Amino acid sequence: MGIGVIDSDGRYNKHVFSTCVRMGKESFPERLGIIFRAITEIIQTYQPTQMSVEQVFVSNNPSSALKLGQARGAAICAGVMSNLEVHEYSARAVKQSVVGKGSADKDQVQHMVKILLNLSGKIQVDTSDALAVALSHAHNGAYNAKIARALGK
C-alpha cells in the first residue's frame, strides 16, 4: 500500500514523505492492523489536515475487491480516528487531474507525479499512485476554493 504526504497551497506542491507499506505473510487481520498502525503513526508524525484515498474499482475477482475494500477501510479508520477529513477519488478522476487523461497508464501517472513534485530517481508504483491521489485532492481543493470565491461564499 502506497502512502504519500504533500504540502500544498493549491498552486505549489511539495513532497513531504512517501513510502510503501509491505505486509509480508501475516494473517489478513494482522495486515489490516499493520495498515492502521502505519497510517496512524504517519499522521502523528507529519500532522496532515486532510486525507485522500482512492476509491475501490470493481474487480473481476470479488475476493480481491473485498480485501482491497477492507484495507481501504483500515486506512480510512486511521484517518477518522485522527480527526482528519477523508476524501475519496476514483482512479479515473486522479488520472484526469494529474495527467490530463482519465485513461492514463501507470507510467504516465508516475512520470507526472515526479514532475509535479520535482522528484528524481525511481519511485515505486504504489507510492506514485498515493502521491497522485494527494495531488488530485490538492488540485480539487484549489478548484473548489476558486469557485467558492467566485460565488462569494
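Assorted remarks:
- Share, in percent, of DSSP beta bridges within region 2-150 that are antiparallel, nearest 5: 60
- Under-5 Å amide H pairs with F17, H placed in peptide plane, nonlocal only: V5
- Taking amide H as placed 1.01 Å from N in the peptide plane, the amide H of S52 sits under 5 Å from that of H87, each at least 5 places away or on another chain.
- Whole-Hz Karplus values for region 27-43 come out as 5, 4, x, 5, 5, 5, x, 4, 4, 4, 5, 5, 5, 4, 5, 5, 4 Hz, taken residue by residue from phi with 6.51 cos²θ - 1.76 cosθ + 1.60 and θ = phi - 60°; glycine and proline positions read x.
- For region 86-99, backbone phi angles converted through the Karplus equation (6.51, -1.76, 1.60; θ = phi - 60°) give residue-by-residue couplings of 10, 10, 10, 9, 6, 4, 5, 5, 5, 4, 4, 5, 8, 9 Hz, Gly and Pro being listed as x.
- Each 10 Å bin from 0 upward holds the following percent of the Cα-Cα pairs of region 57-140: 16, 42, 35, 6.
- For region 1-78, the fraction of alpha-carbon pairs in successive 10 Å shells from zero, as %: 16, 46, 29, 9, 0
- With all projection directions averaged, the alpha carbon convex hull of the chain covers 9.9 nm².
- When only alpha carbons are used to place a centre, region 107-130 and region 30-83 end up 20 Å from one another.
- Fraction of alpha-carbon pairs over 18 Å apart in region 36-104 - percent: 47
- Inter-label distance for F17 and L119, nm, one decimal - labels placed 7 Å from Cα along Cα-to-Cβ: 1.5
No value in this document is a laboratory result; all are computed from the given coordinates. What you are looking at is a predicted structure, and each value in this text was computed from that prediction instead of being measured. No Cβ is skipped: glycine too gets one built from the backbone with ideal geometry, and neighbour counts run over all protein chains shown.
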